[in-house]
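In what follows, a structure is listed as structure tokens, so that the remarks can point back to it.
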Amino acid sequence: MNRLDDVRRSLRDRHAGIEPDALFADRVVARLPRPEGWTIAWAARRILPVSVALAMVLMVAALATSRSTNRTIASSSTSAIDRAQTGSDSLEWLLEGGEERR
Amino acid sequence: MELVFPTAIGMTLTDDRAGVEAELIARSLGGDQVAFASLVRRHQSRVFLLAGRFFRRREDVEDVAQETFFTAWRRLATYEARAPFEHWITRVCLRLCYARLAAGRRREEPLASTSLAAPHHDPTAPIDVERLLARLTPSDRFVLLLLDGEGWSVKEIAERIGWTVTNVKVRAFRARRRLRQVLEEES
């Protein structure tokens, strides 16, 4: 049967002729489920630098704050001493003056 | 046909290839996706060639090929290495092609290069093979494309799909009978 042979020949030649592109394997791998612990490792890799940077910023900020606080405390204590000294002088003066006036 | 070249140390390139492949499979089983990507690159052409027998559109062929390797990744532990990996991946691909054909999820578009429909009264006109295939059941199409398209014997089909020889013979007989009927109706 010639037509049957023709069909068989056509079936032999029938092909889409599609080749995989260079990125096909990458697309397959992208679909695969990630191994256990991958998410944690990925998150750690992503979060760790940010955490370290944030910690350093906070540390610098804390240092800066503590220095300025120390300075404020130091200056305020100095002025308190000054004030105390001034106060005692004026008290002395007042007492002395008062005595004179009296 | 595979060419085998002897090497200086008495091994063959085929042995070496099998060794590399076995290592890639072992690493893939351990979760190494880079090794699996290499395995995909080794077999992707064969899988595309096979899927291209059954489907005409690039999306369909790519979908089947991706699904083949995705299934292979999930079921790799079931590969027993008694036969070459290529046979195993071929079986996975064929089963997916058959399931897709049977599900009839997409209508196949005929190739632009195929001949036009044969007029009913002209037996000498070229045969529109796409139209003939469209009139067959997915099972008939599948078997005919393996028998006449790939040129496999009944035994080869049985081995590669995992069906019994009798099952393939019955399917092949029915498919050929149906094809003859369709041809008679056309002419």
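The values are calculated or read from the model by the stated rules, or taken from the named source; none is laboratory data. Predicted, not measured: the structure shown is a model, and the values here were computed from it. Every residue, glycine as well, gets a Cβ built from its backbone with ideal geometry; the counts of neighbours run over all protein chains shown.
Taken together, B:GLU108, B:GLU62 contain a single residue that is acidic (Asp, Glu) and modelled with pLDDT of 95 or more, which is B:GLU62.
Yes/no per residue for (1) assigned to a helix (DSSP H, G or I); (2) more than 18 Å from A:ARG27 (Cα to Cα); (3) away from chain A (no Cβ under 11 Å):
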position: B:GLN44; (1), (2), (3): yes, no, no
position: B:LEU50; (1), (2), (3): yes, yes, no
position: B:ARG56; (1), (2), (3): no, yes, no
position: B:VAL64; (1), (2), (3): yes, no, no
position: B:THR68; (1), (2), (3): yes, no, no
position: B:ALA72; (1), (2), (3): yes, no, no
position: B:ARG75; (1), (2), (3): yes, yes, yes
position: B:ALA81; (1), (2), (3): no, yes, yes
position: B:HIS87; (1), (2), (3): yes, yes, yes
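The C-beta contact set for the stretch B:136-156 (first residue more than 8 Å from every other protein chain (Cβ to nearest Cβ) and in a loop (DSSP other than H, G, I, E, B), second residue of a type in the set (A, V, I, L, M, F, W, C) and surrounded by fewer than 16 Cβ atoms within 10 Å (Cβ to Cβ), distance under 6 angstrom, 6+ apart or interchain) is empty. The residue list A:LEU48, A:LEU91 contains one member that is at pLDDT below 65 and farther than 30 Å from B:ASP63 by Cβ, which is A:LEU91.
The residues of the stretch A:9-18 that are surrounded by 13 or more Cβ atoms within 10 Å (Cβ to Cβ) and facing chain B (nearest Cβ under 7 Å), listed by number, are A:SER10, A:LEU11, A:ARG12, A:ARG14, A:HIS15, A:ALA16, A:ILE18. Of all residues in the stretch B:172-187, exactly one satisfies the criterion of being charged (D, E, K, R), more than 9 Å from every other protein chain (Cβ to nearest Cβ) and buried (at least 17 other Cβ atoms within 10 Å of the Cβ), namely B:ARG178.
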